[in-house]
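See structure below.
Every number in this text was worked out from the coordinates using simple rules, so none of it is lab data. These figures come from a predicted structure and were not determined experimentally. All Cβ positions, glycine included, derive from the backbone under ideal geometry; neighbour counts span all protein chains shown.
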Number of protein chains: 2
Amino acid sequence: MKKRLSLEEYAAGIRSGNRVVLSQAITLVESALEADQALASQLVQAVLPHTGQSIRIGITGVPGVGKSTFIEAFGKMLLDLGKKVAVLAVDPSSQLTKGSILGDKTRMEDLALDKRAYIRPSPSGTTLGGVSGKTREAMLLCEAAGFDVILIETVGVGQSETAVKNMVDFFLLLMLSGAGDELQGIKKGIMEMADMLVIHKADGDNLEAAQKAKSNYQNALHLFQENLKNWSPKVVLASSVSGLGLNQIWSLVLDYEEKVKFSGFWEAIRSEQRLDWLEDQVQELLGRAFLKNAQVQQLLREEKPKVKSGELHPGVLAHRLMDLFLN
Amino acid sequence: MKKRLSLEEYAAGIRSGNRVVLSQAITLVESALEADQALASQLVQAVLPHTGQSIRIGITGVPGVGKSTFIEAFGKMLLDLGKKVAVLAVDPSSQLTKGSILGDKTRMEDLALDKRAYIRPSPSGTTLGGVSGKTREAMLLCEAAGFDVILIETVGVGQSETAVKNMVDFFLLLMLSGAGDELQGIKKGIMEMADMLVIHKADGDNLEAAQKAKSNYQNALHLFQENLKNWSPKVVLASSVSGLGLNQIWSLVLDYEEKVKFSGFWEAIRSEQRLDWLEDQVQELLGRAFLKNAQVQQLLREEKPKVKSGELHPGVLAHRLMDLFLN
């Protein structure tokens, strides 16, 4: 078993902004060991009064859209404005692809080197529920450590976006010009979740196409109903090379914060997210306890093949498994 | 408690094709009473050897696309070909909207009156997992009752499509011409699931626009990778008024069946679906047992508001709830 700090040491280190302790604490959160998880829960609870002050921004887009360069450029601009920025990632596939996003920290070299920034690659977890729970805990630890803006990166492939949407205040979708959204593999459902579309790489020869894409997307967004938050998604051109749009994006985020806090939805959404998290956690723990049960395992081994072949009704086996588990 | 038949009476009635008994059996399947559910599971198990012979077709599309008229016209054509047709529905929202699909049987009057057809509206269930489990059981009962083709209708709004996709052999998406898919609210993810796009209402003044839409969709589909099944989605024009396309759709379905059975994917997909079903069922039962626990209920009542307000870490409460539940 790895060496662990005490609860007090973790909490004090985090509160003092010690990045080494923060990293160790996030490692604790990501641990699969039960003793670690119990300590991690206590730690999050201990720092809870010091969380919630940041702006949480989810950033998605398909591979190739330039998420890392965007986050680096946007993050550096935030540092220049005096903000402290943490970057986290959610990628349920990372245990297979060995860290497809944020895995290579050198992609954000400048940001990684700055003391006011903190970059953490995706945790490896067995399920999306597991991964997103860990990312939420890491996010709270970063807030307790004094980070003002949390950027949460996700891959643009579906499920993980919903998970990220459920943990952030603002959801930003990066797009490319010149390609239909079909080409970009963006699911319409993700476009509907976005508070902002950013047409990225709007520079050089791309600029004209980006401008055209912008008006196309603006038209498309008009078709969506204005959402409950009373915020209509914005479309912005941006370039991580020229810096175009980065300031505008941030000022729109602040605009959003003001409006949505005023309407009361900011806190309402966060409350909903906490309850979602509770539900995710319970489901995760229930599933884990169930699969750890030796009798369940044995019956599954024996009978699952019969379900697979169509010989045994899944409902019958599910009830038998439950009887074993509950008694 | 309502009067129930015996297991043998249900099974015999279903096997003889008695539609009244079939309906009673499906009511049993849909019951929330535990005694009913146990009997329902046994019943499904008892008829299991007589299931699996039908072709299961999922049909989706947004409201207004003409799902009911299509199913009526397509169903009648199948009857003319000597097939027995059952129509089921999955609509997780139906308990709120009071049966938005198939609720009004008169919409499929002709089909409903025919003895070789069977129409069953959406069950009301508390969760999508619950609803889809019931629909799967109803589907097996229909197969045991001798129906050759099962049409499963769903509303075009997202989650329920995935549930239906996971229980059918062939997934058909109804579209309208003249409207971009943005306008139709169709999520790209659903288009990717489809084995066939049907441009519906391709008649009268609409025909030309429908033809144009067909080639647009064919182009769009080329962008998707050919799926594992070695089947590229087809685009077909259809009219429930003129009958255009109905025969072609059926012959493509048979073509699909032949190809996918030959490649072994037909059975492979069904095996996967059975394991998915097992997992859904276990999750459903676990969640239900959890929420029925009196101590869990009490702690939730007391502590959930603290989670909601951000005072208590969801992970801490989840672990405390699990301790109560497991001990």
**Request:** Pop the C-beta distance of B:ARG15 and A:ASP80 into the FRET formula with R0 = 56 Å and round what comes out to the nearest 0.05.
**Result:** 0.15
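Across the residues of B:302-311, average count of Cβ atoms on other protein chains within 10 Å? All intermediate terms of the calculation are to be shown ahead of the outcome.
Working: counts 0, 1, 3, 1, 1, 6, 7, 4, 10, 4.
Across the residues of B:302-311, the mean count of other-chain Cβ atoms within 10 Å is 4.
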**Label spacing, shortest first and in nm, from A:LYS3 to its equivalents in the remaining copies (7 angstrom along Cα→Cβ)** = 7.8
**Prompt:** Which listed residue (A:PHE265, A:ALA289, A:VAL235) has the Cα farthest towards the positive end of the charge dipole for the stretch A:216-327, taking +1 on Lys and Arg C-beta and -1 on Asp and Glu C-beta about the Cα centre?
**Reply:** A:ALA289
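Considering every residue in B:283-294, what mean count of other chain Cβ atoms within 10 Å of its Cβ is obtained?
4
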**Request:** Indicate the gyration tensor shape class of the stretch A:1-50 (rounded, prolate or oblate), computed on the Cα atoms with a ≥ b ≥ c the square roots of the eigenvalues: a/c under 1.5 is rounded; otherwise a/b larger than b/c is prolate and the rest oblate.
**Result:** oblate
**Message:** With the label 7 angstrom out along Cα to Cβ, how close does A:PRO63 come to the same site in each of the other copies, in nm, nearest first?
**Reply:** 4.0
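Take the residue pairs A:LYS134/B:LYS134; A:LYS134/B:LYS229; B:LYS83/B:LYS234; B:LYS83/B:LYS134 and return only those whose Cα atoms are more than 28 Å apart. Intermediate results must be reported in sequence, preceding the final value.
Numbers: A:LYS134/B:LYS134 34 Å; A:LYS134/B:LYS229 36 Å; B:LYS83/B:LYS234 23 Å; B:LYS83/B:LYS134 24 Å.
With Cα atoms farther than 28 Å apart: A:LYS134/B:LYS134; A:LYS134/B:LYS229.
Using a 10 Å cut-off on Cβ to Cβ distances, tally the other chain neighbours for every residue of A:317-325 and report the average as a whole number. Walk me through the numbers on the way to the answer.
Details: counts 7, 12, 8, 1, 5, 7, 1, 0, 5.
Taking the mean over all residues of the peptide, I get 5.
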**Message:** Can you give the FRET efficiency to the nearest 0.05 for A:SER232 and B:GLU109, using r as the Cβ-Cβ distance and R₀ = 60 Å?
**Reply:** 0.90
